[in-house]
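K.L.:
Please read through the structure below; I'll follow up with questions.
Just so it is clear, none of the values below were taken in a lab; they were calculated from the coordinates. Being a predicted model, the structure only gives us computed values, none of them experimental. We place every Cβ from the backbone using ideal geometry, glycine too, and count neighbours over all the protein chains shown.
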Amino acid sequence: MNDEETMDLRLHVWRQKDSKSPGKMVTYRANGISPDMSFLEMLDVVNEELVTAGKPPIAFDHDCREGICGMCSLVINGVPHGPQQGTTACQLHMRHFRHGDEITIEPWRARAFPVIRDLVVDRRSLDRVLQAGGYVSVNTGSAPDANAIPVPQDNAEAAFDAAACIGCGACVAACPNASASLFVAAKAQQLSLLPQGQPEREKRAIHMVEAMDREGFGGCTNHYECEAVCPKGIPVRYIADLNRDFLRSALTSREVKPLPPAVDAEE
Amino acid sequence: MELDGKVPSGPIESLWDDHRFDMKLINPANKRKYRIIVVGSGLAGASAAATLGELGYNVDCFCFQDSPRRAHSVAAQGGINAAKNYQNDGDSVRRLFFDTVKGGDFRSREANVYRLAQISNKIIDQCAAQGVPFAREYGGLLDNRSFGGAQVSRTFYARGQTGQQLLLGAYGALNRQIAAGTVRMHSRVELLDLVLVDGHAKGIITRHLVSGRIARWAANAVVLATGGYGNIFYLSTNAMGCNVTATYRAYRKGAFFANPCFTQIHPTCIPVAGEHQSKLTLMSESLRNDGRIWVPKAVGDGRAAADIPEEERDYYLERKYPAFGNLSPRDISSRAAKEVCDEGRGVGKLGRGVYLDFADAIGRLGEDVIRQRYGNLFDMYEKITGENPYRVPMRIYPASHYTMGGLWVDYNLQSTIPGLHVIGEANFSDHGANRLGASALMQGLADGYFVIADTVAHYIASNPGDVPDTDAAEFREAEQDVRDRIQKLLDVDGSRSVDSFHRELGAIMWEYCGMSRNAEGLQKAIGMIGELRERFWREVSITGENEEFNVSLEKGGRVADFLEFGEVLCYDALNRDESCGAHFREEHQTPDGEAKRNDEAYAYVAAWEFKGVGQKPELHKEPLKFEHVQLATRSYK
Ligand SMILES: Cc1cc2nc3c(=O)[nH]c(=O)nc-3n(C[C@H](O)[C@H](O)[C@H](O)COP(=O)(O)OP(=O)(O)OC[C@H]3O[C@@H](n4cnc5c(N)ncnc54)[C@H](O)[C@@H]3O)c2cc1C
Ligand code: FES
């Protein structure tokens with residue numbers, strides 16, 4: 001590849017040693033970056049230089065690098081997952097940047113997501129919200145034949161649209177209230193749209209919404225920033241559906257008792 | 001020593017049922033007294049931990065990601081097989097069994113495969129009940145498609161996200177047990193060693209990836225569900241964190257490693273774009289239904305695809321395999337692609353790629369139909385390469401994808417270490433020398449939901465007794481070993497990154513132990529790996545300390561294990577002096593380049609025993625008998 005095709009960039013990256021230390025923005029040069037690189041590969045290049053110089057690399061979460069595991073979580077120039085719509089940070093490629101660009105890279109910021117190191121945050125609060133009821137209670141072995149309960153194709157498709165959530169938390173990071181409403185609504189609606197999800201529908205809505213509050217996520221005040229950054233295009237109308245389920249169950253249900261707060265195992 | 005798979009005797013159709021009746025049970029009230037460690041939270045681990053929790057055991061489940069939902073299973077696209085015969089197209093348990101044994105090129109154990117085919121149907125029931133949004137037909141019933149050249153439509157799918165949807169189902173079941181208090185989930189915690197007490201697996205040593213805390217965990221039994229080792233090639237379709245550490249550490253403690261050389265290369269991945277490449281993305285095999293694969297006829301033809309006239313193109317799969325053409329099996333298509341690129345006819349900047357061309361299909365069906373069928377795959381391709389596949393042909397190249405080899409297990413999925421059970425991609429059990437598409441998800445869930453609970457109960461009932469004290473000498477020593485090794489990594493203080501070593505190892509493996517292998521190359525590779533390992537321990541740079549979130553240290557430990565395991569893989573490939581399934585030895589081919597299997601000499605599982613780092617491991621054989629499927633040569637001509 002000839003030199004004209006590569007670019008030199010200046011990165012401003014959030015560095016923080018651990019949850020207790022204060023953090024700050026640090027500037028790095030990323031030179032000779034090829035437009036074919038993914039954003040994370042560009043960071044790999046910077047890290048390779050840091051490590052070779054005996055300095056600690058920039059920590060960031062990633063695993064699949066193909067937009068499905070939900071692990072990558074960078075706020076790029078102020079936008080969770082960066083400038084390209086419907087694209088996780090790991091699938092964002094450097095051809096969307098220009099030679100000489102300055103790029104800021106920060107972690108997800110939310111009360112419920114404490115920083116672990118640099119760009120890595122603790123998102124177990126999302127797991128705990130789902131532990132409060134984001135499932136159908138069916139023990140292994142007790143299921144009827146899969147075709148015993150037909151599901152209209154439209155419902156199955158709509159349930160899939162909701163189920164496409166990868167649990168990355170970009171919606172929380174984008175929301176001025178750090179609300180997890182879109183995340184919760186996606187899970188609740190996936191199950192509400194299917195016959196298998198009906199028996200626990202109301203209990204599920206109440207328990208998950210309560211868990212969300214307990215974890216320190218804010219409420220939804222209709223900013224719709226979540227929908228704009230969601231890499232899987234989950235629509236905000238699911239939040240309205242969730243609210244309906246929540247209200248109905250709050251009005252009608254008697255025996256729904258709040259669950260005790262979920263606790264993480266010691267490690 | 002001849003290994004015994006401990007397959008019970010009797011008619012294969014009722015073998016599993018009869019065996020379940022013969023195995024011991026544990027009284028429901030007693031189950032909570034027993035502690036079980038499950039390492040891994042992918043399809044295999046999450047389903048196992050949830051099921052064991054439902055039964056009332058006390059379960060500790062571990063994963064290295066920040067959430068169990070992110071295990072590598074999440075990335076599976078195509079689908080999951082089951083013998084439901086919902087399409088009434090002649091499918092049956094027997095046919096799925098038959099296809100799997102044949103697809104594996106007669107190197108798997110019949111009884112295990114039969115059980116897998118039987119259980120497959122219950123998996124679909126279970127997942128549908130959990131709310132997995134499978135694709136459906138207009139009438140509301142489940143849809144199926146034909147996958148990977150199968151002659152029946154038995155693959156269930158959820159758009160291009162079957163893995164994520166099945167995993168979310170299992171993760172839901174797991175979450176329910178976490179809330180119920182039966183499962184304790186430990187995320188961002190990595191297994192670094194297995195602990196044996198009196199020869200039985202009774203615990204593990206872990207490192208917390210955030211705090212660096214080293215901890216000891218004791219249990220009545222240990223289940224490994226830690227996935228495959230395809231990342232030994234550095235570039236693969238696997239997630240970045242996939243590793244061999246858990247199974248390799250168990251191997252070092254005495255568990256035999258079976259058929260490590262059976263590694264699957266997937267033909268349709270996006271080619272390498274440059275030396276910065278960190279992983280390769282799979283493009284679904286379904287594209288081969290409508291795309292035509294070709295390269296220029298002339299060596300070094302630098303013209304753009306559009307400028308190469310029809311008569312100067314070589315549609316090599318259609319030419320060589322007229323019956324199957326572009327749908328030829330994975331191993332055959334992969335090797336053919338390598339061959340044309342080796343001849344200097346590859347396309348793309350680096351010359352390691354072939355065209356997958358949709359122009360004919362678009363001409364025939366129109367762009368809209370193609371968009372409907374493959375729209376999101378085309379979008380993904382464009383995102384990664386910046387090229388529009390509706391206008392210019394896609395470029396694809398084979399990449400490491402799946403590992404059939406794994407820890408040796410018997411019919412009960414127990415390794416050669418009593419009490420250590422291995423499930424999912426981490427074991428070797430069901431796919432022989434080659435896995436069929438949509439069968440890994442099936443196997444992981446069969447093991448986790450429907451096999452392991454019965455067989456672990458049998459082990460525990462046969463070996464009751466208390467959970468050992470983690471202050472026992474065995475635990476203290478294992479912890480000390482782990483600490484020493486971490487210290488050793490930190491003490492090297494060199495100036496080369498872990499990644500650079502991983503990349504170099506990957507290049508050796510790919511060159512000499514990838515799509516095709518020969519004795520000379522394998523011997524050379526063994527020498528090169530040993531030498532690279534020595535350099536690693538002299539030159540690697542791992543900054544920081546143990547007591548922090550330390551990415552280099554985490555990776556360093558994994559690559560150090562790959563650097564030992566690579567030799568085992570090569571020794572196995574060297575020993576298996578035949579071509580079968582994904583294992584192609586250049587010395588054993590027909591005049592027109594087809595694989596030649598040698599059933600007389602190699603119809604066995606090769607299980608290797610650790611004999612020390614840098615030492616040749618000891619080979620043990622489990623002979624394979626084929627009583628229900630006739631040994632035959634695969635032919636796709
Ligand atoms: C891109 C892609 C597409 C695929 N598509 C299909 C498909 O369509 N159909 C199909 O049948 N198969 C497919 N496969 C194969 C299939 O996805 C895998 O074989 C299967 O999901 C493996 O599941 P598993 O539970 O065994 O392991 P994994 O899902 O890999 O899970 C491993 C678990 O172990 C944990 N772990 C690993 N090491 C350690 C350690 N040392 N300490 C603690 N925890 C550890 C991890 O955190 C993780 O939780 C695909 C594979 C790839 C790469
Ligand atoms: S790394 Fe998996 S979604 Fe980005």
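K.L.:
Express in whole angstrom the spacing between the alpha-carbon centres of region B:213-249 and region A:79-129.
P.N.:
Centre-to-centre distance over Cα atoms comes out at 27 Å.
K.L.:
Same structure, new question: Measure nothing fancy, just the Cα-based angle from helix B:93-103's long axis to the longest principal axis of chain B, in degrees from 0 to 90, nearest 10.
P.N.:
70 degrees
K.L.:
Next up: With every atom except the alpha carbons ignored, what do you get for Rg and Dmax of the protein assembly as shown, in angstroms?
P.N.:
Values for the protein assembly as shown (Cα only, Rg and Dmax): 26.0, 77 Å.
K.L.:
Within straight cross-link reach of A:Lys17, meaning Cα distance under 16 Å, which lysines are found once same-chain residues fewer than 8 apart are removed?
P.N.:
Leaving aside lysines fewer than 8 places away in the same chain, those within reach of A:Lys17 are A:Lys55.
K.L.:
I need the shape label for region B:421-460. Rule: rounded when a/c is under 1.5, else prolate if a/b > b/c, else oblate, with a, b, c from the alpha carbon gyration tensor.
P.N.:
Since a/c reaches 1.5 and a/b is larger than b/c, the shape of region B:421-460 is classed as prolate.
K.L.:
Using the 10 angstrom Cβ neighbour count as an exposure proxy, how do A:Arg29, B:Arg292, A:Arg10 rank, fewest first?
P.N.:
Fewest-to-most ranking of A:Arg29, B:Arg292, A:Arg10: A:Arg29, A:Arg10, B:Arg292.
K.L.:
Compute the angle between helix B:452-462 and the longest alpha-carbon principal axis of chain B, please, reported from 0 to 90 degrees and rounded to the nearest 10.
P.N.:
Here the helix axis deviates by roughly 30 degrees.
K.L.:
Could you work out the local net charge near B:Leu413, counting Lys and Arg as +1, Asp and Glu as -1, over the other residues with Cβ closer than 15 Å to its Cβ? Mind showing how you got there, number by number?
P.N.:
On the way: positive: B:Lys6, B:Arg20, B:Arg109, B:Arg115; negative: B:Asp4, B:Asp410, B:Glu425, B:Asp430, B:Asp447, B:Asp454, B:Glu622.
In short, -3.
K.L.:
Roughly what percent of Cα-Cα pairs across region A:7-117 reach past 21 Å?
P.N.:
33 percent
K.L.:
Tell me the label-point distance for the pair B:His628, B:Leu25, using the 7 Å Cα-to-Cβ offset, in nm and rounded to one decimal.
P.N.:
About 2.6 nm, to one decimal.
K.L.:
Here is a follow-up. Can you compute 3J(HN,Hα) from phi for each residue in region B:62-67, using the Karplus curve 6.51 cos²θ - 1.76 cosθ + 1.60 with θ = phi - 60°, rounded to whole Hz and x for Gly and Pro?
P.N.:
10, 8, 8, 6, 7, 8
K.L.:
On to the next question. Which whole-Hz ³J(HN,Hα) couplings does region B:467-473 yield from phi under the Karplus relation 6.51 cos²θ - 1.76 cosθ + 1.60, θ = phi - 60°, glycine and proline marked x?
P.N.:
Once rounded to whole Hz, the list reads 5, x, 6, 6, 8, 4, 4.
K.L.:
To the nearest 0.05, how large is the calculated FRET efficiency for B:Asp599 and B:Ser495 if R₀ is 56 Å and r is the Cβ-Cβ distance? Working shown, then result.
P.N.:
Values: r = 51 Å, r/R0 = 0.91.
After rounding, the FRET efficiency stands at 0.65.
K.L.:
Could you list B:Phe106, B:Phe428 in order of exposure, starting from the residue whose Cβ has the fewest other Cβ atoms within 10 Å?
P.N.:
Going from sparsest to densest Cβ surroundings: B:Phe106, B:Phe428.
K.L.:
Further, regarding this structure: Partner chain Cβ atoms within 10 Å, averaged over the residues of B:134-142 - can you pull that number for me?
P.N.:
What the average comes to for B:134-142 is 6.
K.L.:
In vacuo Debye scattering of chain A, one point per C-alpha: log10 I(q)/I(0) at q = 0.11, 0.12, 0.17 Å⁻¹?
P.N.:
-0.68, -0.78, -1.29
K.L.:
Would you list which lysines come within 18 Å of B:Lys625, measuring only between C-alpha atoms, while excluding same-chain residues fewer than 8 positions from it?
P.N.:
Qualifying lysines at Cα under 18 Å: B:Lys6, B:Lys102.
K.L.:
Next question. If you look for lysine pairs in region B:267-400 that are eight or more places apart or on different chains, how many of them have Cα atoms under 29 Å apart?
P.N.:
Taking the Cα cut-off of 29 Å, the pair count is 11.
K.L.:
With +1 on each Lys and Arg Cβ and -1 on each Asp and Glu Cβ, how big is the dipole of region B:267-400 about its Cα centre, in debye rounded to the nearest 20?
P.N.:
Numbers: 20 positive and 21 negative charges, 65 e Å.
In debye, rounded to 20, region B:267-400 gives about 320.
K.L.:
Take the alpha carbon atoms of region B:113-187, find their center, do the same for region B:291-328, and report the distance between the two centers in whole angstrom.
P.N.:
Here the two parts' Cα centres lie 38 Å apart.
K.L.:
Let me ask another. Between region B:467-495 and region B:544-613, how many Å separate their Cα centres?
P.N.:
27 Å
K.L.:
A follow-up question, please. From the phi of every residue in region A:140-145, what ³J(HN,Hα) in whole Hz does the Karplus formula 6.51 cos²θ - 1.76 cosθ + 1.60 yield, where θ is phi - 60° and glycine or proline is x?
P.N.:
Taking θ as phi minus 60°, the curve returns 4, x, 9, 7, x, 3 Hz for region A:140-145.
K.L.:
List the residues whose amide H sits under 5 Å from the amide H of B:Ser236, counting only those 5 or more places along or on another chain, with H placed 1.01 Å from N in the peptide plane.
P.N.:
Close amide H contacts, sequence-distant or interchain: B:Leu280.
K.L.:
Let me ask something else. How far is it, in nm, from the label point at B:Glu339 to the one at A:His99 when both lie 7 Å from their Cα along the line to the Cβ?
P.N.:
Using points 7 Å along Cα→Cβ, the separation is 4.4 nm.
K.L.:
Can you give the Rg and Dmax of region B:563-637 based on its C-alpha atoms, in angstrom?
P.N.:
When restricted to Cα atoms, region B:563-637 yields Rg and Dmax of 14.4, 45 Å.
K.L.:
Then there's this: By the gyration tensor of its Cα atoms, with a ≥ b ≥ c the square roots of the eigenvalues, what is the shape of region B:267-400: rounded for a/c under 1.5, prolate for a/b over b/c, or oblate?
P.N.:
rounded
K.L.:
Let me ask something else. Starting from the Kirkwood radius over alpha-carbon pairs of chain B, derive D by Stokes-Einstein at 4 °C in a medium of 1.567 mPa s and give it in µm² s⁻¹.
P.N.:
Stokes-Einstein gives a translational diffusion coefficient of 52 µm²/s.
K.L.:
While we're here: Assuming R0 = 22 Å, can you tell me the calculated FRET efficiency for the pair B:Asp484 and B:Leu532, based on Cβ-Cβ distance, to the nearest 0.05?
P.N.:
0.50
K.L.:
May I pose another question? Name the shape class, rounded, prolate or oblate, that the alpha-carbon gyration tensor gives for region B:426-507, where a ≥ b ≥ c are the square roots of its eigenvalues, rounded holds for a/c under 1.5, and otherwise prolate holds if a/b is larger than b/c and oblate otherwise.
P.N.:
Oblate, because a/c is 1.5 or more while a/b does not exceed b/c.
K.L.:
Taking H as built 1.01 Å from N, whose amide H comes closer than 5 Å to the amide H of B:Ile293, not counting residues under 5 places away?
P.N.:
Result for B:Ile293 returns B:Asp357.
K.L.:
Separate question: To the nearest 0.05, how large is the calculated FRET efficiency for A:Asn139 and B:Glu477 if R₀ is 35 Å and r is the Cβ-Cβ distance? Each step should come with its number before you reach the end.
P.N.:
Numbers: r = 40 Å, r/R0 = 1.14.
The value I calculate is 0.30.
K.L.:
Using label points projected 7 Å from each Cα along Cα→Cβ, tell me how many nm separate A:Lys20 and B:Lys33, to one decimal.
P.N.:
With each label placed 7 Å out from Cα toward Cβ, I get 4.2 nm.
K.L.:
Sticking with this structure for a sec: Can you list the residues, at least 5 places off or on another chain, whose amide H is less than 5 Å from the amide H of B:Arg136, using H built in the peptide plane?
P.N.:
Long-range HN contacts for B:Arg136: B:Asp143.
K.L.:
Using the eigenvalues of the Cα gyration tensor, what equivalent ellipsoid semi-axes result for region B:269-324 when each is taken as the square root of five times the eigenvalue, whole Å, largest first?
P.N.:
So the equivalent ellipsoid measures 23, 19, 10 Å along its semi-axes.
K.L.:
Residues of region B:260-288 with amide nitrogen under 20 Å from the 7 Å Cα-to-Cβ point of B:Ala519?
P.N.:
In region B:260-288, the label zone of B:Ala519 (backbone N under 20 Å from the point 7 Å along Cα→Cβ) covers B:261-262.
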